[in-house]
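Worksheet: the structure to be examined is printed underneath.
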Amino acid sequence: MSTAAETHDDHHDGHQDPYHLAHHFDTPQQQFDAGKLGIWLFLTTEILLFSGLFCAYAVYRANHPEVFEFAHLYLNKPLGAINTVVLLFSSLTMAWGVRAAQLGQKNLLVGLLALTILCGFGFLGIKFVEYRVKFQNGELWGPHYNPKEMPGAAKDEDDRAKEDRQREAERKKHEEAITVAALTNTVATAPAGYHYDQSKYAPASSDNVDFASISPEWVRQQGSDTKPPGSIAETWHGDPPVNAQLFFSIYFVMTGLHGLHVIAGMICIAWILIRATKGEFGPHYFNPVDFVGLYWHIVDLIWIFLFPLLYLIT
Amino acid sequence: MSDHAAESSPTPAEEHGLAHVMPVKILVGVFAALIALTVITVGSSYLDFGPYNLLVAMIIAFVKGSLVCMFFMHLWYDSKFNLFIFMSCLAFVVLFISLAMTDTHQYHNSVRGGQAPNVPAATYGEAPPAAKP
């Protein structure tokens with residue numbers, strides 16, 4: 001016991017002092033706890049940073065749920081799910097890496113850190129594929145929102161279903177054109193100030209409609225503009241909502257900022273990896289591995305919430 | 001205090017006391033649970049729970065997040081002060097978002113019909129001066 005006391009008390013004299021213990025700390029334990037407290041404080045600021053974006057999301061979704069229900073159909077759900085699994089797996093390898101560092105298993109640590117970085121590249125690669133499709137199809141933020149097609153048309157559908165939908169749309173358009181023609185023959189002038197979507201609202205806004213001219217077909221079409229109840233539509237029926245670009249503004253800011261965090265995490269892990277190859281970590285000093293791991297997990301944590309909020313809207 | 005042969009041999013850090021070492025079984029088990037919950041949350045998005053879909057998705061996300069925090073991030077075994085810091089951060093997030101949400105439907109009167117829920121389409125054609133473009 002006396003030798004133990006000496007080893008711990010004499011570290012200012014040098015020879016027993018672990019080289020990684022900064023001189024302003026008394027013990028490795030104090031250094032570790034202080035570092036951990038610091039990284040947790042940093043992580044709270046990260047959460048608060050993202051909470052601003054989650055707040056924007058909540059406010060816009062509460063006010064314009066139709067925009068989210070419509071625009072999320074442009075997202076590729078399988079790719080999002082795969083990315084979730086990739087990130088969860090990288091969290092496992094990172095947590096295991098911390099264990100390996102604690103146990104001084106150098107080769108295992110190096111391998112696990114390399115695997116974690118690889119998962120980071122995988123995540124970014126899949127994200128890149130998703131972004132590229134959105135840039136190609138004009139599914140972008142604000143004034144750049146100019147989608148080429150209705151959601152669901154480019155994915156998860158075989159060509160037959162696509163053709164069916166096009167045929168249905170053409171048929172509907174044709175019938176509406178006929179109905180509008182019939183109505184405009186009956187109603188001489190549209191009411192003052194009336195300038196929206198005649199085919200949809202003409203009958204209700206006029207006193208002089210010859211109701212006999214409204215075909216049952218037309219009435220049926222109006223009813224089908226809403227989603228059939230009791231099922232989750234993977235395609236959109238009816239007109240797209242206005243201001244759908246709101247969704248993509250939020251989507252790109254949230255996933256973009258998250259992507260930057262993934263890149264930052266990968267850089268930090270690469271730094272840890274280099275130090276690990278030099279054998280700097282062991283049972284008495286693994287603080288950087290643990291702290292970088294915590295950062296990587298918080299990135300994973302944020303994705304755990306982003307994924308259902310952006311991809312799994314119903 | 002343990003024998004100080006521990007100082008020279010590569011023993012687990014728990015003996016040294018720096019931090020708890022996570023058993024591989026728990027790590028892999030937590031990962032399996034996270035994958036299972038991911039499958040459940042994706043599957044539930046194809047079902048219709050009416051207004052509860054968001055609630056279900058968020059509950060699953062909270063369970064997944066707790067698993068990551070407690071085991072991958074060691075909060076379960078850590079100094080409780082770290083947990084306290086984390087929880088107070090979440091409390092402020094809840095405060096922030098819930099206060100921001102209190103006036104959610106306040107401005108519907110100035111929103112053109114059809115652009116927001118609960119604003120009747122009858123306001124079409126007589127767009128109020130305050131309407132958004």
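A few notes on this one:
- Peptide A:56-63 has a mean of 4 when you count, residue by residue, the C-beta atoms of other protein chains within 10 Å of its C-beta.
- Gained length - B:Thr104 relative to B:His20, 0.36 nm times residue gap less alpha-carbon distance: 25.7 nm
- Take each peptide in A:23-34, A:262-273, A:289-300, count the other Cβ atoms within 10 Å of every residue, and average; sorted highest first, the result is A:289-300, A:262-273, A:23-34.
- Sites A:Glu168 and A:Thr45 - FRET efficiency at Förster radius 45 Å, r taken between beta-carbons, to 0.05: 0.30
- When the pairs A:Lys77/B:Lys64; A:Lys36/A:Lys278; A:Lys77/A:Lys172 are compared against a 27 Å limit on Cα-Cα distance, A:Lys77/A:Lys172 fall above it.
- Difference of contour (0.36 nm per residue) and Cα-Cα distance, A:His23 to A:Ala264: 83.9 nm
- Estimated from the Cβ-Cβ distance and a Förster radius of 35 angstrom, the FRET efficiency linking A:Trp271 and A:His237 is about 0.10.
- Here r is the Cβ-Cβ distance between A:Phe135 and A:Lys278 and R0 is 45 Å; the resulting FRET efficiency, rounded to 0.05, is 0.60.
- Three-way shape label, the range B:22-102, alpha-carbon gyration tensor, a/c 1.5: oblate
- Other protein chain C-beta atoms within 10 Å of residue C-beta, averaged over A:295-301: 4.
- Mean per-residue shielding of peptide A:97-107 is 4, counting Cβ atoms of other chains within 10 Å of each Cβ.
- Per-residue Karplus couplings for the range A:63-75, computed as 6.51 cos²θ - 1.76 cosθ + 1.60 with θ equal to phi - 60°, are listed in order as 7, 10, x, 5, 5, 6, 5, 7, 6, 5, 5, 6, 7 Hz, Gly and Pro entered as x.
Coordinate-derived values only; no laboratory data. None of the values given here were measured: they were computed from a predicted structure. Cβ atoms come from the backbone with ideal geometry, glycine included; neighbour counts cover every protein chain shown.
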